[in-house]
Amino acid sequence: MDAAVRDAVEDDADTLGAIVDLPGDVLRNVIHDRTVRVAVDRPRESGPNDDTSAGDDAESVLGFVAFDVRDGTVHVTQLAGDAAVAERLLAEPIRFAVREGFDVAFVVPESDADAVTAAEAAGFTAVGPGPSFDDQATTRYRFEPSE
């Protein structure tokens with residue numbers, strides 16, 4: 001996957017809100033309260049025969065991850081994007097956790113196949129059922145850095 005990952009900024013709030021069907025104000029608060037990383041499509045380089053007046057150099061948001069730290073554990077609170085993008089984004093809280101010596105916890109709705117695939121591909125282990133959200137079953141996943 002050829003995507004760049006960067007910190008979210010307040011101007012991303014409406015776009016991220018549209019991805020997860022939440023108001024931009026809600027995501028603006030998430031951006032302020034948590035670490036939020038955004039995967040964006042890298043603009044391709046123009047070829048000699050391309051029409052560069054079309055403005056295709058704007059980045060396209062592919063997904064995002066939000067996480068915070070409580071009680072020595074990194075908690076992934078939101079993840080959006082297809083399986084490949086989500087796996088790439090999960091590398092962000094994992095990298096932080098490894099550096100700090102923390103585990104990573106992630107509650108995934110069973111209906112979110114992309115998040116399940118990404119979590120398992122990123123090395124998370126299912127550790128049991130999670131809380132129900134809007135009558136949807138979830139699974140708790142955990143990533144424990146090897147010593």
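The values are calculated or read from the model by the stated rules, or taken from the named source; none is laboratory data. For clarity, every value in this text was computed on a predicted model and none was experimentally measured. Heads up, the Cβs are rebuilt from the backbone with ideal geometry, glycines too, and the neighbour counts pull from every protein chain shown. Side chains are part of the model used for accessible areas, which takes the heavy atoms of the whole protein and leaves out ligands, DNA and RNA. Shrake-Rupley method; radii C 1.70, N 1.55, O 1.52, S 1.80 Å.
Using a 10 angstrom cutoff on alpha carbons, build the Gaussian network for the chain and name the most mobile of Val76, Val85, Val40. Ranking Val76, Val85, Val40 by mean-square fluctuation puts Val40 first.
On a per residue basis, the chain carries 58 Å² of accessible surface, using protein heavy atoms and a 1.4 Å probe. In the set (1) 1.05; (2) 0.92; (3) 1.02, the label that goes with Rg/Rh (Cα atoms, Kirkwood Rh) computed for this structure is (3).
Compared with the direct C-alpha span, the chain from Ser132 to Glu59 gains 22.8 nm at full extension, assuming 0.36 nm per residue. Put +1 on the Cβ of every Lys and Arg and -1 on every Asp and Glu Cβ in the chain; which of Ala137, Ala4, Gly17 then has its Cα farthest towards the positive end of the dipole? Going by the charge dipole, the pick is Ala137. With the chain treated as a Gaussian network of Cα nodes joined by springs under 10 Å, which of Asp71, Asp82, Asp14 yields the largest mean-square fluctuation? Top of the fluctuation ranking is Asp71.
Across segment 64-77, coupling constants 3J(HN,Hα) worked out from phi with the 6.51/-1.76/1.60 Karplus curve, θ = phi - 60°, read 7, 10, 10, 8, 9, 10, 9, 6, x, 10, 7, 10, 7, 9 Hz, and Gly and Pro carry x.
In this simple spin-label approximation, Asp7 and Thr117 carry label points 7 Å from Cα along the Cα→Cβ vector, and these lie 3.2 nm apart. The heavy atoms of Asp112 present about 50 square angstrom of accessible area, all protein chains included, probe 1.4 Å. Here the accessible area is traced with a 1.4 Å probe on the protein chains. For segment 66-119, carbon and sulfur cover 49 percent of it. For the chain, a crude dipole built from +1 on the beta carbon of Lys and Arg and -1 on the beta carbon of Asp and Glu, taken about the Cα centre, is about 580 debye to the nearest 20.
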